[in-house]
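Read through the structure below, which is laid out as structure tokens, and then see the notes.
The values are calculated or read from the model by the stated rules, or taken from the named source; none is laboratory data. What you see is a predicted model, and the numbers here were worked out from it, not measured in a lab. Ideal geometry is used to build each Cβ from the backbone, glycine not excepted, and the neighbour counts take in all protein chains shown.
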Amino acid sequence: MTTDKRYYVFDFDSTLVQVESLPELARVSLKNHPERAERLQEVERITELTASGKMSMAEGIALRIELLEAHQKHHDSLSPVLSRTLSPSVKRNKAFFKEHRDQIYVLSNGFREFIIPIAKTLGLSEEHVFSNRFLFDDNGYVVGFDSRSPLIHQDGKARVLRELRLDGEVYVIGDGYSDMKIREAGAATRFYAFTENVRREPVVERADHVLPSLDEFLYLHEFPMSVSYPKTRIRALLLENIHGAAEEHFEKEGYSVRSIPGSSSEDALINALEGVTLLGIRSGTRITRRVLEGADKLKGIGAFCIGVNQIDLEACSDHGVIVFNAPYANTRSVVELALGEIIMLARRIFSKSNDLHRGAWEKSAAGAFEVRGKKLGIVGYGNIGSQLSVLAEALGLDVHYYDIVERLPLGNATKCPSLKELLKRADIVSVHVDGRAHNVELFGEREFRSMKQGALFLNLSRGFVVDPKALAKAVESGRLGGAALDVFPEEPAANGEPFVSPLQGVDNVILTPHIGGSTKEAQANIAEFVAGALISFVNSGNSFGSVNFPGVQLPDLRRAHRFIHIHTNEPGVLAAINNVMAEHKINILGQYLKTNERIGYVITDVSKKYPSRVVEELKEVPHTINFRVLY
């Protein structure tokens, strides 16, 4: 006879609750004991030995009871402590336990006195809890345990299950050796290693499936969940040595994270993106249409830098992939490098330093000057250019700037009507333009000829802005007094690879390996900002600050489901979405729409109750690129 009935068997310690209960009892019972620290450490050591199968359960229980010196009153004090340590995914999915209480059992090598109160808070039946019992003396002190219970043995859970004779499939969820033994003894259909609180590798290696949370189990078995998608299934891939703060943010959110040093080739990146939800890159990784076509799970890209010219933004929009960058996070670091290099070039510091390294003492003022009173020409008066303007003026520089966009001057800065006019005025030229196509080789032989004799030149923006051969010629001929570059038309993909430039070996030329934003402060700021933007998009749909999506800043999602619909910007899509919801009489609590020239972004908050087929119908709305549900 076959049956489709299923039973769900949960361990208690480190599964239903985040802690091991006997060490917690020790913290209570030994509160004022002179050997508290030593005994507590020993209780925790024995607990881990029994949980990993390295000590017999009976021996481990006996040794810990002797160390505890516990009383009945301590058990009463422990219950409120344990109730506050429910595993997060258990706590948010209490509805599952109440709805399936007749199919759920708790099997524990722990003790009934403090398991029953927790089981009741989950709506579970006391008759479905199997655990050990303490023995007390006449004064209420724990003096032992019921040695007749099968649960004092590592295979005790398997024995109990056999005696229950459950007529269906049995799924065991736990974190310890005794839980794994149920499956190996043939008393369960599958064993799921629960790792939300503790991960024991010998147990994980022999599990049928690993559960980072209860959400994962409910998702696998298509149960209703308190969240729309298990966060542990959201995978983030970080390339190019992105600051560790980004990985910490993603992991804290519950995402799975993988980091790879250096950038990847197109083919390698396509392979690495299998199953990836979020991708983090810096300037060395190119995101092409072909990469996006092979990344079917990708939802967002974080450029952990300022520029996004390495990303095909149109292709990202076509595939419904949002892109965020960090336009402000490293501004201060780049500005400080520019100021430092201006002074270094003006004083010819690197040339003099190199002389000393060779053993030559050449003390001279020839070619060296103060920056105070000199004219600094800033090309590109955006975030970095304008902050450089303010700090440079504080040093006594006379600031002039040129930008194709109308921008108000800060402080005493003077706007130039043309690039040609700026080059004619400036003693020092610093370039801070963006990565758009019209800036390719903005500076070449003609521009360098237009600059003042002996002027200094800096580029900390984009490598393709400058013709390096023309710059090298201008410095070598004496037309320019020196130059500093942090970016180059061609840069190595990773540290250790060779670098070649016509500017190598040219006197009073400072070359740095794209480190303008490479300070611990800037990288931490970038990591926090970009990771935060991606997390906000995944968790709530916020697109504010995106470089390719319409910017929508959304309220918190409360007591509702959020439909997120990305579509090509065609007339009638919003009407079609609302027609679907009207046909099913869905109550709309809030709706937000923004479009740009390529895509439309509609966010609709609705009541929790609606037919499941609504989701499929919304996915079929003409011109849909992507659709997902949040709750």
- Mind counting the residues in the stretch 251-264 that are outside any loop (DSSP other than H, G, I, E, B) and either under 25 Å from Thr288 (Cα atoms) or among the small types (Gly, Ala, Ser) (or both)? 5
- Criterion violated by Ser283 - all others in (1) of a type in the set (Ser, Thr, Tyr); (2) closer than 25 Å to Glu314 by Cβ; (3) within 10 Å of the chain's Cα centre (by Cα) satisfied: (3)
- Message: If the requirement is being in a strand (DSSP E or B) and either closer than 30 Å to Glu248 by Cβ or in contact with a Phe, Trp or Tyr (Cβ under 6 Å, 6 or more places away or on another chain) (or both), which of these qualifies: Val629, Val530?
- Response: Val629
- Item | So Glu113, is it crowded, with 17+ Cβ neighbours inside 10 Å, modelled with pLDDT under 95 and charged (D, E, K, R) | yes
- Note on the structure: Note: among Arg462, Arg446, just one is surrounded by fewer than 23 Cβ atoms within 10 Å (Cβ to Cβ) and either among the acidic types (Asp, Glu) or not assigned by TED's automatic domain parsing to the domain that holds Gly284 (or both), namely Arg446
- Would it be correct to say that Gly294 is modelled with pLDDT under 95, in the same structural domain as Phe529 (by TED's automatic domain parsing) and in contact with a Lys or Arg (Cβ under 7 Å, 6 or more places away or on another chain)? no
- Item | Residue that is surrounded by the most Cβ atoms within 10 Å (Cβ to Cβ), among those in the stretch 72-102 that are closer than 14 Å to Thr121 by Cβ and hydroxyl-bearing (Ser, Thr, Tyr) | Ser87
- Message: When you scan the stretch 146-160, do you find a residue that is in a loop (DSSP other than H, G, I, E, B) and aliphatic (A, V, I, L, M), even just one?
- Response: no
- Message: Would you confirm, using the coordinates I've provided, whether Lys585 is assigned to a loop (DSSP other than H, G, I, E, B), surrounded by fewer than 16 Cβ atoms within 10 Å (Cβ to Cβ) and touching a strand residue (DSSP E or B) at 6+ places or on another chain (Cβ under 6 Å)?
- Response: no
- Query: Ser226 is checked against (1) in the same structural domain as Thr50 (by TED's automatic domain parsing); (2) modelled with pLDDT under 95; (3) of a type in the set (S, T, N, Q) and fails just one. What number does that condition carry?
  - Reply: (1)
- Item | Residue in the stretch 329-347 that is surrounded by the fewest Cβ atoms within 10 Å (Cβ to Cβ), counting only those that are out of contact with any Leu (no Cβ under 8 Å at 6 or more places or on another chain) and small (Gly, Ala, Ser) | Gly340
- Kindly state which strands (runs of 3 or more DSSP E) lie completely within the stretch 293-411 and contain at least 2 residues that are touching a residue at least 60 places away in the same chain (Cβ under 8 Å), within 30 Å of Thr277 (Cβ to Cβ) and out of contact with any Pro (no Cβ under 6 Å at 6 or more places or on another chain). 300-303, 322-324
